[in-house]
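All remarks here apply to the structure that follows.
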Amino acid sequence: MLAVQQLEAGYGESVILRNVTLRVEPGQVVCLLGRNGVGKTTLMKSIMGLLKARKGTVAYNGRELTKAAPGRRAKSGIGYVPQGREIFGQLTVYENILVGLEASRDNKLQSIPEEAIAKFPVLPTMYTRRGGDLSGGQQQQLAFARALASKPDLLLLDEPCEGIQPSIVDDIRDVIRSIKADGKTSILLVEQSLDFVKSVGDYFYVLEKGAIAWEGGLEALSDEVIKKYLTV
Amino acid sequence: MEVIVLQLFNGLSVSSILLLIALGLAITFGLMKVINMAHGELIMIGAYSTYLTQNIFNDYLPKSMFDWYFVLAIPVSFLIAFLFGLILEMSLIRFLYGRPLDSLLATWGVGLVLQQLARSIFGAPNVAVTSPSWLDGGVTFLGSVLPYKRLFIIGLVALTLLAMYFYIYRSLEGRRMRAVMQNRDMASCLGVSTRRVDAMTFAIGSGIAGIAGCALTLLGPIGPSLGTYYIVDAFMVVVLGGVGKLVGTVLGALGIGVFNTMFEYWTNASLGKVLVFICIVAFLQWRPMGFIAMRSRSLDS
């Protein structure tokens with residue numbers, strides 16, 4: 001469903017990604033691994049459209065999106081939970097989720113769908129609080145709910161467990177598993193914790209110096225691969 | 001007693017005028033962070049729109065209808081200033097987001113162009129707008145006469161403020177607007193059309209400047225350089241109140257208006273203004289963010 005072909009992108013003069021080719025199939029959880037600074041977040045941003053591609057293409061469900069603005073990509077069914085969460089600090093929790101409805105393809109949808117918040121029972125109890133006043137873990141759950149509100153087919157998760165206490169990491173793992181079990185939404189996940197990705201991932205890509213250095217399924221992700229590409 | 005009531009009313013009246021001219025700027029400068037030096041000229045456009053509406057009523061409609069021109073002039077001023085704002089945003093401002101110094105110079109230039117445009121169309125001398133007769137006179141309260149025109153402006157400000165509050169904090173469009181102003185990239189990633197929101201927001205701020213211009217015609221004759229008298233005050237109110245908060249703008253206008261009236265009563269007009277400016281400078285030394293500073297765990301702005 002998501003097909004990235006020979007993508008090249010970067011900031012200003014510097015090229016961060018060169019020749020990246022990657023696919024996400026329906027219902028799959030695809031994990032993107034790599035050491036710090038190899039271009040994982042840059043790749044997520046280029047898939048979302050925050051960063052213009054210099055070369056190559058991004059296609060989604062057969063539709064070419066390389067030149068499309070982030071808003072159009074969101075409306076074609078891509079949900080995004082960015083690194084650092086990017087909650088609207090001055091909007092209430094409720095309003096934050098309502099903004100997530102903007103990309104909804106179901107025009108009649110006026111209220112927050114049940115499945116977006118069912119996995120985060122703590123959120124409805126603090127609807128009236130400002131997003132910026134929440135703790136990091138609560139903001140992460142809010143970012144998830146906000147992305148799920150538009151019922152996306154593909155969810156881009158950029159380090160969802162960064163700086164979060166272990167119990168909420170477990171919650172997030174459960175959420176990813178239940179999304180996977182529903183089978184309606186694919187996930188492209190960037191995550192540092194190997195245990196975490198091994199417990200949820202179907203297919204793995206390893207980025208090194210802005211290019212895909214290795215790819216394969218769970219059984220192929222051996223200790224040698226980990227030692228070669230991921231150990232610091 | 002009479003003196004106190006009159007001074008209080010004067011303070012309130014000056015505050016209401018300050019607030020009206022600053023409300024539009026609270027959006028274009030406060031929310032969008034565009035240093036819009038053409039704000040005064042958008043006020044001027046609103047004033048001339050009222051002048052035109054009056055002339056059309058004078059020329060084409062029976063005398064008995066004339067008094068009602070002002071009711072129509074308010075939406076007309078809003079609409080014309082709105083359109084000017086929309087054109088300005090789409091042709092110039094959108095290239096200048098995040099570049100405050102450039103936008104300051106460019107909008108100042110636009111202001112000069114608009115002033116010359118008004119001079120070419122309507123002539124350099126001031127023109128008079130006849131206030132509707134139902135605003136003549138005043139109500140006597142505790143021995144002092146409170147003019148209807150001033151009361152009307154206070155009411156108009158209250159109404160504009162209420163409408164803005166509902167638009168910004170209670171409507172779908174307002175929510176989009178706040179999301180975009182806080183985090184443009186994230187809002188676009190969630191499917192909000194940031195271009196549309198930017199254009200609409202700037203146009204609405206301009207339209208409210210137009211309403212201010214309409215109200216100013218009640219206070220005296222209007223001319224092409226009308227806006228230049230008010231632009232400094234407008235920025236002062238927004239900065240003093242705290243950029244980005246509607247409540248702050250209200251407090252800023254009240255503060256400047258009431259103190260200005262008091263100082264002018266105790267001294268004279270020019271010394272009063274000097275004292276107010278000194279107070280503002282001193283206050284901003286103490287609280288650089290203004291009356292209402294936005295505080296949050298995520299210090300994103």
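Remarks
- Qualifying lysines (Cα of each under 26 Å from Cα of B:LYS245; at least 8 residues distant if same chain): B:LYS33, B:LYS273
- Approximate spin-label separation B:LEU219-A:ALA181, in nm, with each point projected 7 Å along Cα-to-Cβ: 6.7 nm
- In a fully extended conformation the segment linking B:SER91 and B:TRP68 would gain 4.7 nm over its present Cα-Cα distance, using 0.36 nm per residue.
- Scattering from segment B:200-265 was approximated by placing one identical point on each alpha carbon and applying the Debye formula without solvent; log10 I(q)/I(0) at 0.21, 0.27 1/Å stands at -1.08, -1.26.
- The mean of 1/r over all distinct Cα pairs in segment A:130-232, once inverted, gives the Kirkwood hydrodynamic radius of 15.0 Å.
- For segment B:16-228, convex hull volume per residue from C-alpha positions, Å³: 134 Å³
- For the set A:LYS67/A:LYS184; A:LYS75/A:LYS184; A:LYS119/A:LYS180; A:LYS55/A:LYS228; A:LYS40/A:LYS67; A:LYS45/A:LYS227, the pairs lying more than 22 angstrom apart at their alpha carbons are A:LYS67/A:LYS184; A:LYS55/A:LYS228; A:LYS45/A:LYS227.
- Amide H contacts for B:LEU190 (H built 1.01 Å from N in the peptide plane; partners 5 or more residues away or on another chain; cut-off under 5 Å): none found.
- Reciprocal mean inverse distance between Cα atoms of the protein assembly as shown - Kirkwood radius, Å: 26.1 Å
- Cα-based reach from B:LYS63 at 23 Å (exclusive), listing lysines while leaving out same-chain residues under 8 positions away: B:LYS149
- DSSP beta bridge pairing in the protein assembly as shown, given as percent antiparallel to the nearest 5: 60 percent
- Placing one equal scatterer on every Cα of segment A:86-185 and applying the Debye formula, the log10 ratio I(q)/I(0) at q = 0.10, 0.19 Å⁻¹ is -0.24, -0.92.
- 5 Å binning of all Cα-Cα separations within chain A, expressed as whole percents from 0 upward: 1, 7, 15, 19, 20, 17, 12, 7, 2, 0, 0
- For segment B:48-156, taking Cα atoms only, Rg and Dmax work out to 18.6, 56 Å respectively.
- Rg over Rh, two decimals, segment A:1-91 (C-alpha only, Kirkwood Rh): 0.96
FYI, it's all coordinate maths here, none of it is from the lab. Keep in mind it's a predicted model, so treat the numbers as computed, not measured. Virtual Cβ from ideal backbone geometry, glycine too; neighbours counted across all protein chains shown.
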